[in-house]
Amino acid sequence: MIEYLLLVPVFTSLLCFTLKKQKQIEIINLTGSAITLLLGLGLVVRVFREGTVVTWKDMLFADAFSAYLVLIVSLVGFTASMYSIGYMGYEIRHGSMDLKRLRLYYGLFHLFMFSMLLVGVTNILGLWIAIEMTTLVSAPLMILSSKKSSVEAAWKYLIICTVGITFALFGTILTYYAAVQVLGEHQEAINWAHLLAVADRFDPMLMKIAFIFILIGYGTKVGLAPMHTWLPDAHSEAPSPYPHYFPAYY
Amino acid sequence: MAVSIYSIGYVKEYFGKKDIGYLGLLFNLFILSMILVSTFMVLGSRRLYTCVRAFQFQSLLIACVAGIVAYSTGRSDIYIVALLTLIVKAVIIPYLFFYIISELKIKREIELFVNISPSLLIGGMLVVISYYLARSINHDTGLSSYALSASMSLLLIGLFIMISRKKAILQMLGILIMENGLFLGAISLTYGMPLLIELGIFFDILVGALIMGVLIFRINRTFETIDTDRLTTLME
């Protein structure tokens, strides 16, 4: 169930990268996000009926909170992809966008959707990978137009967010280290549910430092006050339907 | 200087505790201090090529650490990780740097916001700070504590390189040094993470470096320079 939910955006983006005609890309884009939405809704229903869903050797799981995230991401993704068609069509008619960039736009759009869905349904280290992926996928979207300000915003965004996320990884590694001390060298040491069960036995000093690093790290990505400087520029310079999608997750 | 402070710490520690294999410990400490030396080479050099070479050397050493960890734990997946480090960080990414440098005909000299000697001093201070920080959070006094302090120093010095150098390409180098520090911490504290996760992180780093490379080209084309203090369009 969860793996289908993740595979659909990937396939959609691959199709968007390869197709030749604008019409085809738009149709694929819309169907892809509609299927994602339906699967997301299905997952939500299943989680509320049966409780936590776990698949694929414990690597993917969905509890009530991830159901909530999946619902938001797939819903906003669907509406944004609908709006994109009109918006990008307008850009193309006015010549500020060509077919190559359109393909890139839709392809990256769906990859972005994939990474945000992945954020909701993975473990603590997978979370980091997925969040870093959101940065990497969205930075090229900003340089679709080669204005001076867009390039500058993209560089700022990429650098600030990557540094932030590096701190978050350090915090995550410390957390994993604390977990390994308690649980031993085991796959379980990166699962939210298992971590929560033994959280009271972690080394408090280690967790304090880890918390600071993680707060700064993911705080940068969310745009918490001292680390927010990338945010307004990024939102004003990216193609318009896309930023609406941005805060949806954060 | 900082390195010597560091090694005094090592020696002290060695005399305090004798149950770890003498040669193995010494070898590991040697590698760790060489990693720090390579970071200081990046800090103390004005030549772009030397910086990239130092980074390459550092990645090579870190791959060595991963190899040693793999050998001592006997886990085959860490060998894969060590090999990946070697290929991605010591071959592909330095090659990418050299490609960017030769394509863009970047001036060989680095421009700095903070001069060489204060940079070195600040670097030394950062090493001392991370040494004490690592001491306070890690209670076992084995190798992992040194590795933790070395990894924190790499993290902090990488950050310092990013903020004190003007060229976009050195900001990229700073980020990669930070990533190296993280990897060192992860591999020596927890003997590596699950393989799938490790692969994901490598993939992210590689793609990140590629995207930064593309962006540097784009910056060069739109601004006709890669000095980041010219990026001021959005400052009002």
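Screening B:Gln171 on (1) in contact with a Phe, Trp or Tyr (Cβ under 6 Å, 6 or more places away or on another chain); (2) facing chain A (nearest Cβ under 7 Å); (3) touching a residue at least 40 places away in the same chain (Cβ under 8 Å) shows it passes everything except condition (1).
Please enumerate the residues belonging to segment B:74-83 that are closer than 21 Å to B:Ala150 by Cα and not small (Gly, Ala, Ser). First the steps, then the outcome.
First, pick out the residues of segment B:74-83 that are closer than 21 Å to B:Ala150 by Cα: B:78, B:81-82.
Matches in segment B:74-83: B:Ile78, B:Val81.
Scanning segment A:123-135 for residues that are in contact (Cβ under 8 Å) with a residue 12 or more places away in the chain and facing another protein chain (nearest Cβ under 9 Å) yields A:Asn123, A:Leu125, A:Gly126, A:Trp128, A:Ala130, A:Glu132, A:Met133, A:Thr135.
I'd like the full set of residues that are facing chain A (nearest Cβ under 7 Å) and either touching an Asp or Glu at 6+ places or on another chain (Cβ under 7 Å) or buried (at least 18 other Cβ atoms within 10 Å of the Cβ) (or both), limited to segment B:201-221.
Result: B:Ile201, B:Asp204, B:Gly208, B:Ile211, B:Met212, B:Leu215, B:Ile219.
Of all residues in segment B:196-225, those that are closer than 13 Å to B:Lys167 by Cα have Cβ atoms under 7 Å from Cβ atoms of residues that are surrounded by fewer than 16 Cβ atoms within 10 Å (Cβ to Cβ), 6 or more apart or on another chain, in B:Phe223/A:Lys148; B:Phe223/B:Arg230.
Do we have A:Val47 as farther than 24 Å from A:Leu108 by Cβ, at pLDDT 75 or above and in contact with a helix residue (DSSP H, G or I) (Cβ under 6 Å, 6 or more places away or on another chain) here?
Details: farther than 24 Å from A:Leu108 by Cβ: yes; at pLDDT 75 or above: yes; in contact with a helix residue (DSSP H, G or I) (Cβ under 6 Å, 6 or more places away or on another chain): yes.
For A:Val47, the condition - farther than 24 Å from A:Leu108 by Cβ, at pLDDT 75 or above and in contact with a helix residue (DSSP H, G or I) (Cβ under 6 Å, 6 or more places away or on another chain) - is met.
Residues of segment A:153-164 that are within 8 Å of another protein chain (Cβ to nearest Cβ) and either among the acidic types (Asp, Glu) or buried (at least 24 other Cβ atoms within 10 Å of the Cβ) (or both): A:Ala153, A:Ala154, A:Trp155, A:Leu158, A:Thr162. In the set (1) within 20 Å of B:Ser119 (Cβ to Cβ); (2) under 13 Å from the mean Cα position of the chain (by Cα), B:Lys167 fails one condition alone, (2). When A:Tyr249, A:Tyr218 are checked against the criterion of being surrounded by fewer than 22 Cβ atoms within 10 Å (Cβ to Cβ), at pLDDT 75 or above, away from every other protein chain (no Cβ under 11 Å) and under 30 Å from A:Met82 (Cα atoms), a single residue qualifies: A:Tyr218. Output yes when any residue across segment A:143-152 is at the interface with chain B (Cβ under 7 Å from one of its Cβ atoms), within 20 Å of B:Leu195 (Cβ to Cβ), modelled with pLDDT under 80 and surrounded by fewer than 18 Cβ atoms within 10 Å (Cβ to Cβ), and no when none is. Within segment A:143-152, none of the residues are at the interface with chain B (Cβ under 7 Å from one of its Cβ atoms), within 20 Å of B:Leu195 (Cβ to Cβ), modelled with pLDDT under 80 and surrounded by fewer than 18 Cβ atoms within 10 Å (Cβ to Cβ). Applying the selection to segment B:16-70, what residues are surrounded by 15 or more Cβ atoms within 10 Å (Cβ to Cβ), among the hydroxyl-bearing types (Ser, Thr, Tyr) and either modelled with pLDDT under 80 or closer than 20 Å to B:Ser149 by Cβ (or both)? Within segment B:16-70, B:Ser33, B:Ser38, B:Thr39, B:Ser59 meet the criteria.
Per-residue answers, yes or no, for (1) in contact (Cβ under 8 Å) with a residue 24 or more places away in the chain; (2) touching a Pro at 6+ places or on another chain (Cβ under 9 Å); (3) among the β-branched types (Val, Ile, Thr); (4) within 24 Å of B:Ser149 (Cα to Cα):
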{"residue": "A:His110", "(1), (2), (3), (4)": "yes, yes, no, no"}
{"residue": "A:Met113", "(1), (2), (3), (4)": "yes, yes, no, no"}
{"residue": "A:Val121", "(1), (2), (3), (4)": "yes, no, yes, no"}
{"residue": "A:Ser138", "(1), (2), (3), (4)": "yes, no, no, no"}
{"residue": "A:Ile143", "(1), (2), (3), (4)": "no, no, yes, no"}
{"residue": "A:Tyr177", "(1), (2), (3), (4)": "yes, no, no, yes"}
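Does segment B:125-144 contain any residue that is among the small types (Gly, Ala, Ser) and over 22 Å from A:Tyr176 (Cα atoms)?
Going residue by residue through segment B:125-144, those that are among the small types (Gly, Ala, Ser) are B:130, B:134, B:136, B:142, B:144.
Going one step further and asking which of them are over 22 Å from A:Tyr176 (Cα atoms), we end up with none.
The answer is no; no qualifying residue exists.
The values are calculated or read from the model by the stated rules, or taken from the named source; none is laboratory data. The shown structure was predicted, so the numbers you read here are calculated from the model rather than taken from an experiment. All Cβ positions, glycine included, derive from the backbone under ideal geometry; neighbour counts span all protein chains shown.
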